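The values are calculated or read from the model by the stated rules, or taken from the named source; none is laboratory data. Please read all numbers here as calculations on a predicted model, not as lab measurements. Glycine also receives a Cβ, built like all others from the backbone with ideal geometry; neighbour counts cover every protein chain displayed.
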Amino acid sequence: MAKDDARPAIEVEEVRRIAAGDSAAFQKLIDREAPRLLRFAQGMLGSLDEAEDVVQDTLIRLWENAERWTPDARIGTWLHRVCYNRAIDQLRRRRSFVDDSALEGFADESEQADAALVRGETAVSVREAIERLPARQRTAVLLFHIQGLAQRDAADVMSVSEAAFESMLSRARRQLRRWLLESDDD
Amino acid sequence: MIERNDDLDRRLRAYGAELDSEIARSGAPDRVRRNVLRRGSADLFADLSWRRVAAAILVAGMLGAAVDLMFLDRTADQVDVASVDPLYAFDEAGSQ
């Protein structure tokens, strides 16, 4: 516990140094956080090129706003939140990929995925199954299972209550299990 | 068969490891670091507006004058002024 308590103080000092223009401190943070953020952004966008752009924007945002950063959240959680918002913006630009209703509410796109299965695309890997999830359910799976964020932090990243996050994650897991089970049966 | 949560969790872990190895192979973290640091440095220089540069020159001039007066003990009447008049040579020639 002592280690967890000490961590924010270390982060505050790290961000203070970055705000003072310490490029070595910033480089250290990039080396630590960029691979994690890339994994998250690639999972959300399904494209490494776009993920790189989103992660670069996220880290530049920290560099520009380090002076105003307040330690009300862990730096990793804050970065995930910025990265998530950037990725959602990117998805919105791709109108053909996902529509706003899927982003704003809990609209279920599983019918599209079911249709894909009916068309014969039955060999569904877990990757394809995740990509077929609605954006918010996909995000919930990525944050909790792939990024290893605590449920409270993941809910914070998505600006939803813990109960709403739990519900999204549960629906996503149910859907994934169903698709993968059908795929395995074939 | 995906029948238990353990199986789904195992597949999700494998998916995460797959993403990690793809990202490492692609060299994306190095590109991100390079581009971010380059953009960060550009922002740093962009902050150097003409007002800041002008203020720095003014402060440097004032400091120079202060050092001149305080440490070298030079007052206005001790300052040597060199006047360079390009027509002076012609005037001299004309008067001769």
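Within 14 Å of chain A (Cβ to nearest Cβ), modelled with pLDDT under 85 and in a helix (DSSP H, G or I), is that true of B:ALA42? So B:ALA42 passes the test. Scanning the range A:131-159 for residues being in a helix (DSSP H, G or I), without any contact (Cβ under 8 Å) to a residue 12 or more places away in the chain and within 14 Å of chain B (Cβ to nearest Cβ) gives a total of 1.
Residue count for the range A:27-62 under the criterion of being within 7 Å of another protein chain (Cβ to nearest Cβ), of a type in the set (S, T, N, Q) and within 19 Å of B:SER41 (Cα to Cα): the result is 2.
Taking residues in the range A:164-186 that are exposed (fewer than 15 other Cβ atoms within 10 Å of the Cβ), and partners anywhere that are polar (S, T, N, Q), the pairs with Cβ atoms closer than 6 Å and at least 6 places apart or on different chains are A:ASP186/A:THR122. Could you tell me whether A:GLU14 is under 30 Å from A:VAL126 (Cβ atoms) and in contact (Cβ under 8 Å) with a residue 24 or more places away in the chain? Spelling it out, it is not the case that A:GLU14 is under 30 Å from A:VAL126 (Cβ atoms) and in contact (Cβ under 8 Å) with a residue 24 or more places away in the chain.
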